[in-house]
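Structure first, then comments.
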Amino acid sequence: MNDNTHNSPLAKKVQIACIINYTLYALLMGLFVFWNFDRESGFKLSILLLQSLPLLAFLPGMIQKVYRVYSWICFILLFYFIFAVQSVFSTIGDPSDFFFLFLIVLLFNSSMMTSRWMQRLQKGIS
């Protein structure tokens with residue numbers, strides 16, 4: 001890639017999209033931690049790992065800015081989306097469930113667009 005590619009509007013989109021992804025990702029992980037500390041039965045590391053490991057596996061690729069990783073995150077988020085919708089429509093819908101659904105939808109969309117823009121940037125398509 002030349003210098004012109006790094007200063008293009010597409011490169012700026014990718015940079016902003018990555019910041020949005022990292023922020024949403026951190027909020028989602030923070031929500032998992034909150035849920036585990038807020039449990040009546042107390043903190044359970046095993047449940048926290050079960051919730052977060054599928055997403056933590058993609059963190060190195062996110063940091064390295066590999067566009068395929070962002071595509072895979074979208075697929076994994078579909079499972080979280082199913083769980084979030086089920087939680088929202090349950091009879092004991094908690095406000096954190098609505099926040100969870102909101103985060104999943106935002107993270108899915110931002111990851112999808114980040115993947116698309118990164119791929120275009122790496123291939124030199126504007």
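Only one residue in Phe43, Phe34 is in contact with a helix residue (DSSP H, G or I) (Cβ under 6 Å, 6 or more places away or on another chain), at pLDDT below 95 and hydrophobic (A, V, I, L, M, F, W, C). Which one? Even if it seems obvious, please write down each step before you answer.
Working: Phe34 fails: in contact with a helix residue (DSSP H, G or I) (Cβ under 6 Å, 6 or more places away or on another chain).
Matching residue, one of Phe43, Phe34: Phe43.
Within the range 1-19, can you find the residues that are modelled with pLDDT of 90 or more and open to solvent by 80 Å² or more (accessible area, probe 1.4 Å)? Quick ask: steps written out before the conclusion?
Keep residues of the range 1-19 that are modelled with pLDDT of 90 or more, which gives 9-19.
Pro9, Lys12, Lys13, Gln15, Ile16, Ile19, listed by residue number.
Note down all Cβ pairs under 7 Å where the first residue falls in the range 11-26 and is closer than 12 Å to Ser115 by Cα and part of a helix (DSSP H, G or I), the second is at pLDDT 95 or above and hydroxyl-bearing (Ser, Thr, Tyr), and they're at least six residues apart or on different chains.
Matching pairs, first to second residue: Val14/Thr114; Ala17/Ser110; Ala17/Thr114; Cys18/Thr114; Asn21/Ser110; Asn21/Ser111; Asn21/Thr114.
Would you pick out the residues in the range 27-46 that are part of a helix (DSSP H, G or I) and open to solvent by less than 60 Å² (accessible area, probe 1.4 Å)? Lay out the reasoning, then the answer.
Initially, the range 27-46 is screened for residues part of a helix (DSSP H, G or I), giving 27-37, 45-46.
Once the filter is applied, which keeps residues that are part of a helix (DSSP H, G or I) and open to solvent by less than 60 Å² (accessible area, probe 1.4 Å), the range 27-46 yields Leu28, Met29, Gly30, Leu31, Phe32, Val33, Trp35, Asn36.
How about the range 96-120: which of its residues are under 25 Å from Ala11 (Cα atoms), open to solvent by less than 50 Å² (accessible area, probe 1.4 Å) and in contact (Cβ under 8 Å) with a residue 60 or more places away in the chain?
Answer for the range 96-120, where residues must be under 25 Å from Ala11 (Cα atoms), open to solvent by less than 50 Å² (accessible area, probe 1.4 Å) and in contact (Cβ under 8 Å) with a residue 60 or more places away in the chain: Leu103, Ile104, Leu107, Ser110, Ser111, Thr114, Met118.
Just to be sure, is Ile76 modelled with pLDDT under 95 and open to solvent by less than 100 Å² (accessible area, probe 1.4 Å)?
Working: modelled with pLDDT under 95: no; open to solvent by less than 100 Å² (accessible area, probe 1.4 Å): yes.
Considered against the rule, which asks whether it is modelled with pLDDT under 95 and open to solvent by less than 100 Å² (accessible area, probe 1.4 Å), Ile76 comes out as no.
Quick one: which of Lys123, Lys65 is of a type outside the set (Val, Ile, Thr), open to solvent by 100 Å² or more (accessible area, probe 1.4 Å) and under 25 Å from Pro9 (Cα atoms)? Walk me through it before giving the result.
Numbers: Lys65 fails: open to solvent by 100 Å² or more (accessible area, probe 1.4 Å).
Selected residue: Lys123, the only one of Lys123, Lys65 that is of a type outside the set (Val, Ile, Thr), open to solvent by 100 Å² or more (accessible area, probe 1.4 Å) and under 25 Å from Pro9 (Cα atoms).
Scan the range 85-95 and tell me whether some residue there is open to solvent by 40 Å² or more (accessible area, probe 1.4 Å), touching a residue at least 60 places away in the same chain (Cβ under 8 Å) and out of contact with any His (no Cβ under 7 Å at 6 or more places or on another chain). Step through it out loud before you land on a result.
First, pick out the residues of the range 85-95 that are open to solvent by 40 Å² or more (accessible area, probe 1.4 Å): 85-86, 89-92, 94-95.
Filter once more, so that each one left must be touching a residue at least 60 places away in the same chain (Cβ under 8 Å): none.
No, the range 85-95 contains no residue that is open to solvent by 40 Å² or more (accessible area, probe 1.4 Å), touching a residue at least 60 places away in the same chain (Cβ under 8 Å) and out of contact with any His (no Cβ under 7 Å at 6 or more places or on another chain).
The values are calculated or read from the model by the stated rules, or taken from the named source; none is laboratory data. Everything numeric in this text was worked out from a predicted model, so none of it was measured. Positions of Cβ are backbone-derived with ideal geometry, glycine not excepted, and every protein chain shown enters the neighbour counts. Only protein heavy atoms, including side chains, enter the accessible area calculation; ligands, DNA and RNA are left aside. Shrake-Rupley method; radii C 1.70, N 1.55, O 1.52, S 1.80 Å.
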